[in-house]
């Protein structure tokens, strides 16, 4: 997290939930939804659906929680503002925030639709950057072998071939979930590999920030009501989140994106996808609330939260 305020934002959702109502109390009173919570530019990725089509959308919903719809939008826009300041995007904050808001509002009005990349060449050219398969599998297999209490039965039950010989490793990944247990089962038949990851299921950091004594998880509720093509490998059990891993089914980082890209269209697509995640909630109330906001409300809110995040980042770096 010492790398930049952008990375710090990714790793401190708990802190965001503490300062959000203090910094933006008016937006905290907006209509509530079951939202993503930890939404940012690098929380998008790809997966294969049951027909083997490549789908793009929100990649990580571990922090799903009840929030005002504005929180997801502002957090996404804040990450864009920080990315612009750090040279990752060649846009103005105003145009970036407007693109996100335009995508969100249009999707809300049209009731959304999911982004299937096999039928969306323009979006595919912007967001799809597959990893080198040999390098990907070599890196995944390089993690230390898992020992101790390992959810072997759970992982094996989700492999296509339940009797395949598997190797289970402990995976270290992400920023905000670094302390969470991750196990990956890898089956290698010499010609190809298959992998399933089990990540420990815990309540959202929003529950901790609010002091909830009996926190709930909202992942399944969010996914059940979102406008989304499901990932058939994804499953939530009592203790674990299971998902498939592959070179073309992974989170996409800013550094992975093609150098030639339309960044406004990318941000508009992210705003659209944010609405897809909210459409199972109060659509009419959201549209009514959006109509009451000033033209540049999202930009102003994103700059406020970017300032708050940068203050926290500098204070944390100084103290560590």
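Bear in mind that the values in this text are calculations on the coordinates, not laboratory data. Small disclaimer: the values here were computed from a predicted structure and weren't measured. Every residue, glycine among them, receives a Cβ derived from its backbone with ideal geometry; neighbour counts consider all protein chains shown.
Hey, fewest Cβ within 10 Å first, where do 239, 214 land in order?
214, 239
When the gyration tensor of the stretch 116-217 is built from Cα positions, what are the square roots of 5 times its three eigenvalues, in whole Å, from largest to smallest?
Working through the eigenvalues yields semi-axes of 28, 23, 14 Å.
In nanometres, what is the gap between the two model label sites at residue 162 and residue 125, each 7 Å from Cα along Cα-to-Cβ?
Taking the simple label geometry, residue 162 and residue 125 are separated by 4.6 nm.
What is the Å³ per residue value for the convex hull set by the Cα atoms of the stretch 252-315?
In the stretch 252-315, the Cα convex hull volume per residue is 146 Å³.
At each listed q (0.14, 0.21, 0.22, 0.23 Å⁻¹), what is the log10 of I(q)/I(0) that the Debye formula gives for the stretch 210-270 modelled as equal alpha-carbon point scatterers?
Summing over Cα pairs of the stretch 210-270 leads to -0.69, -1.06, -1.09, -1.11.
Hey, fewest Cβ within 10 Å first, where do 134, 285 land in order?
With the fewest neighbours first, 134, 285 line up as 134, 285.
Test of understanding: what is the full-extension gain from residue 320 to residue 106, defined as 0.36 nm times their sequence separation minus their Cα-Cα distance?
Net length gain for the segment: 72.7 nm.
Over the stretch 59-113, what lengths in whole Å, largest first, do the semi-axes of the equivalent ellipsoid take, defined as the square roots of 5 times the eigenvalues of the alpha-carbon gyration tensor?
Its equivalent ellipsoid spans semi-axes of 21, 16, 10 Å.
Kirkwood hydrodynamic radius, computed over distinct alpha-carbon pairs, for the chain: how many Å, to one decimal?
That comes to 20.3 Å for the chain.
Diagonalise the Cα gyration tensor of the stretch 278-320 and give the resulting equivalent ellipsoid semi-axes, square root of 5 times each eigenvalue, largest first, whole Å.
Ellipsoid semi-axes (Å, largest first): 33, 14, 5.
Counting other C-beta atoms within 10 Å, which of 17, 1, 277 has the fewest, and how do the rest follow?
By the 10 Å Cβ count, ascending: 1, 17, 277.
Over all distinct Cα pairs, what is the inverse of the mean 1/r for the stretch 1-126, reported as the Kirkwood hydrodynamic radius in Å?
After inverting the pairwise mean of 1/r, the radius is 15.9 Å.
How large is the helix-only mean residue ellipticity at 222 nm for the chain, computed as the sum of -39500 (n - 2.57) over DSSP H runs with n ≥ 4, divided by its residue count, in deg cm²/dmol to the nearest 500?
Only helices count here, giving -13000 deg cm²/dmol.
In µm²/s, what is D for the stretch 162-320 at 37 °C and 0.692 mPa s, where D = kT/(6 pi eta Rh) by Stokes-Einstein and Rh is the Kirkwood radius from Cα pairs?
166 µm²/s
Please compute the Kirkwood hydrodynamic radius of the stretch 71-168 from all pairs of different C-alpha atoms, in Å with one decimal.
Roughly 18.1 Å, rounded to one decimal.
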